[in-house]
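Trainee: Dropping a structure here in structure tokens format, bear with me for questions.
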Amino acid sequence: MSDPLTPYGNKPMVTPIVHAVNYEYRDFEVLRKITDGEIDGYTYHRDDNPTVRAVEKAIAQMEYAEDCIVCTSGMAACTLAYLTYLKAGDNLILFNDTYGANYKVSLILERLGVEITWIDADKSPLLGDYIKSNTAMVFLETPSNPLCKIIDISAARKAVDKVGALLVVDNTFATPFHQNPLKLGAHLVVHSATKALGGHNDLMAGAVAGAKKDYDRLWFTRQAIGSTLDAYSASLLERGLKTFPLRAKRMAENALKVAEFLKAQPLVSRLSYPGLKDHPGHEIARNQMRGGFGGMISFDIGNDEDDAKCFISSLKLVYHAVSLGCTESLICIPFLTTMLYLPPERRTTFGVAKNTVRLSIGIEEPEQIIEDIMQALSKTGGSMADKKPENRK
């Protein structure tokens, strides 16, 4: 029987969106071969889907992985890794400077008997001092969210090898265009594919890439908890991947220009962008990243939260919104958004201030982004001047 999608042997330029939940079996022998893994085939969407499988293979190739599992969100990807490899009595090392929702998952893991150790990214060179005999996993981001700190992946791998722990790297900020953690020693690489891989604010997805044996274990967890991505979102993600290298290159070029501009602004302090030579992690980033340093920048505005709010409210081109890595430039105050999952006292202990902003650079003309920031800084400076006691009537 000929394939209805390719009746004459010619292949469609776009992977078809297969919405089917279940599939008819030709006979019992075919069913056996599919369920035993002898042949590629599909039985039920929670198990696998051809549209999803196509995008998994594309991301695996980008990350130099043997295979990749795709799921419903970035946090679903993180949770898949946690649930697959951690058990009661294990120790998990997390960094304070990480996406805030990991804190919520850590509370669930603690209820399941997993011990959590939190450390600052600034102390990553001392990672070996924190690893215990029961440490089963070290989970890190580099550049980190939101402060763009840099962690040496190869050094982290050497540290975890002492106890045979798993090294998992969230590569969402760096993207596979700039960094491939698996080639640097990571066992698994995680993505919020919602961000730069999709790139258009129109889908939610997550991915975990690694060895084939890891795919098999992660597939088991995904199938069990039912977090398989829908076919339409997978199709949007695959489309996003086609322009991803172009977008990533442009974002990094823009971000460096914007960071250099911000460096000279008196209202800006604690500017953090790995591409700047005075960034504490610049040399490490230069060694483990390529083709630029990504599109993420963090910095403090003025003296307090009101100054940051005034700055953001004055922007016209840059959108006040969460998420990152998309075609539009986005900005937010992490204390009020991405770190909201943490108790207030924990949000500031590792460097996130109430006037810290996270800027995700888009693909607009860099001069337009800088002009917008410049006029917003001018209005913020005026507002700050009005707040001075001598200027109050």
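The values are calculated or read from the model by the stated rules, or taken from the named source; none is laboratory data. For clarity, every value in this text was computed on a predicted model and none was experimentally measured. Note that we place each Cβ from the backbone using ideal geometry, even for glycine, and neighbour counts take in every protein chain shown.
Trainee: Give A193, A101, A156 a once-over and let me know the one that is crowded, with 24+ Cβ neighbours inside 10 Å and closer than 29 Å to V322 by Cα.
Mentor: Exactly one of A193, A101, A156 is crowded, with 24+ Cβ neighbours inside 10 Å and closer than 29 Å to V322 by Cα, namely A193.
Trainee: Looking at (1) among the small types (G, A, S); (2) surrounded by 17 or more Cβ atoms within 10 Å (Cβ to Cβ); (3) over 27 Å from L237 (Cβ atoms), which is the one condition that is false for G164?
Mentor: Of (1) among the small types (G, A, S); (2) surrounded by 17 or more Cβ atoms within 10 Å (Cβ to Cβ); (3) over 27 Å from L237 (Cβ atoms), only one is false for G164: (2).
Trainee: Oh, and also: Yes or no: S133 more than 26 Å from T337 (Cβ to Cβ) and either hydroxyl-bearing (S, T, Y) or touching a Cys at 6+ places or on another chain (Cβ under 6 Å) (or both)? Give the derivation first.
Mentor: On the way: more than 26 Å from T337 (Cβ to Cβ): yes; either hydroxyl-bearing (S, T, Y) or touching a Cys at 6+ places or on another chain (Cβ under 6 Å) (or both): yes.
Here the answer is yes, as S133 does meet what is asked.
Trainee: Also, quick follow-up: Between residues in the range 190-205 that are assigned by TED's automatic domain parsing to the domain that holds V168 and under 16 Å from P245 (Cα atoms) and residues that are β-branched (V, I, T) and assigned to a loop (DSSP other than H, G, I, E, B), which pairs lie under 7 Å by C-beta distance while being six or more apart or on different chains?
Mentor: H191/T172; K195/T172; G199/T327; H200/T327
Trainee: Output the residues belonging to the range 196-231 that are surrounded by fewer than 23 Cβ atoms within 10 Å (Cβ to Cβ) and closer than 28 Å to H320 by Cβ. Explain how you work it out, then say what you get.
Mentor: Applying the first criterion (surrounded by fewer than 23 Cβ atoms within 10 Å (Cβ to Cβ)) to the range 196-231 yields 200-204, 211-217, 219-221, 223-228, 230-231.
Those that are surrounded by fewer than 23 Cβ atoms within 10 Å (Cβ to Cβ) and closer than 28 Å to H320 by Cβ: H200, N201, D202, L203, M204.
Trainee: Just the residues that are among the hydrophobic types (A, V, I, L, M, F, W, C) and either in a loop (DSSP other than H, G, I, E, B) or over 14 Å from R239 (Cα atoms) (or both), please, taken from the range 56-68. Quick ask: steps written out before the conclusion?
Mentor: Initial filter on the range 56-68 (among the hydrophobic types (A, V, I, L, M, F, W, C)): 58-60, 62, 65, 68.
If the condition is that a residue be among the hydrophobic types (A, V, I, L, M, F, W, C) and either in a loop (DSSP other than H, G, I, E, B) or over 14 Å from R239 (Cα atoms) (or both), then A60, M62, A65, C68 are the ones that fit.
Trainee: Contact list please: Cβ distance under 6 Å, first residue in the range 317-330 and within 15 Å of P146 (Cα to Cα), second residue assigned to a strand (DSSP E or B) and of a type in the set (F, W, Y), pairs at least six apart or on different chains.
Mentor: L330/Y319
Each row is one residue, and each column tells you yes or no for (1) assigned to a strand (DSSP E or B); (2) more than 13 Å from the chain's Cα centre (by Cα); (3) outside the structural domain of V114 (by TED's automatic domain parsing); (4) not polar (S, T, N, Q).
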{"site": "L140", "(1), (2), (3), (4)": "yes, no, no, yes"}
{"site": "S154", "(1), (2), (3), (4)": "no, yes, no, no"}
{"site": "A159", "(1), (2), (3), (4)": "no, yes, no, yes"}
{"site": "V163", "(1), (2), (3), (4)": "no, yes, no, yes"}
{"site": "L167", "(1), (2), (3), (4)": "yes, yes, no, yes"}
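Trainee: Continuing with this model, one more query. Does the range 106-124 include one or more residues that are over 20 Å from the mean Cα position of the chain (by Cα), modelled with pLDDT under 95 and not assigned by TED's automatic domain parsing to the domain that holds A248? Before you say what the answer is, go through the steps one by one.
Mentor: Restricting attention to the range 106-124, the residues satisfying the condition of being over 20 Å from the mean Cα position of the chain (by Cα) are 107-117, 123.
So of that shortlist, the ones also modelled with pLDDT under 95 come out as 123.
So of that shortlist, the ones also not assigned by TED's automatic domain parsing to the domain that holds A248 come out as 123.
Yes, because at least one residue in the range 106-124 is over 20 Å from the mean Cα position of the chain (by Cα), modelled with pLDDT under 95 and not assigned by TED's automatic domain parsing to the domain that holds A248.
Trainee: Failed condition for I39, given (1) exposed (fewer than 11 other Cβ atoms within 10 Å of the Cβ); (2) touching a Lys or Arg at 6+ places or on another chain (Cβ under 9 Å); (3) in contact (Cβ under 8 Å) with a residue 40 or more places away in the chain, with all others met?
Mentor: (3)
Trainee: Name the pairs whose Cβ atoms lie under 9 Å apart, with the first residue in the range 301-316 and in the same structural domain as K354 (by TED's automatic domain parsing) and more than 15 Å from F335 (Cβ to Cβ), the second surrounded by 20 or more Cβ atoms within 10 Å (Cβ to Cβ) and among the hydroxyl-bearing types (S, T, Y), and 6 or more positions between them or separate chains?
Mentor: Pairs that qualify, where the first residue is in the same structural domain as K354 (by TED's automatic domain parsing) and more than 15 Å from F335 (Cβ to Cβ) and the partner is surrounded by 20 or more Cβ atoms within 10 Å (Cβ to Cβ) and among the hydroxyl-bearing types (S, T, Y), are C310/T380; S314/T380; L315/S329.
Trainee: Does the range 45-55 contain any residue that is touching a residue at least 12 places away in the same chain (Cβ under 8 Å), hydroxyl-bearing (S, T, Y), in a loop (DSSP other than H, G, I, E, B) and on the phi < 0 side of the Ramachandran plot?
Mentor: No, the range 45-55 contains no residue that is touching a residue at least 12 places away in the same chain (Cβ under 8 Å), hydroxyl-bearing (S, T, Y), in a loop (DSSP other than H, G, I, E, B) and on the phi < 0 side of the Ramachandran plot.
Trainee: Kindly indicate the residue of the range 267-286 that is in a loop (DSSP other than H, G, I, E, B) and in contact (Cβ under 8 Å) with a residue 40 or more places away in the chain and also surrounded by the most Cβ atoms within 10 Å (Cβ to Cβ) among those meeting that condition.
Mentor: Taking the range 267-286 first, the residues in a loop (DSSP other than H, G, I, E, B) are 267, 273-281.
Those left that are additionally in contact (Cβ under 8 Å) with a residue 40 or more places away in the chain: 267, 273-274, 279-281.
On the way: L267: 18, Y273: 27, P274: 29, H279: 21, P280: 12, G281: 22.
The residue in question is P274.
Trainee: When you go through (1) surrounded by fewer than 16 Cβ atoms within 10 Å (Cβ to Cβ); (2) within 19 Å of the chain's Cα centre (by Cα); (3) aliphatic (A, V, I, L, M) one by one for A255, which number turns out not to apply?
Mentor: Every condition holds for A255 apart from (1).
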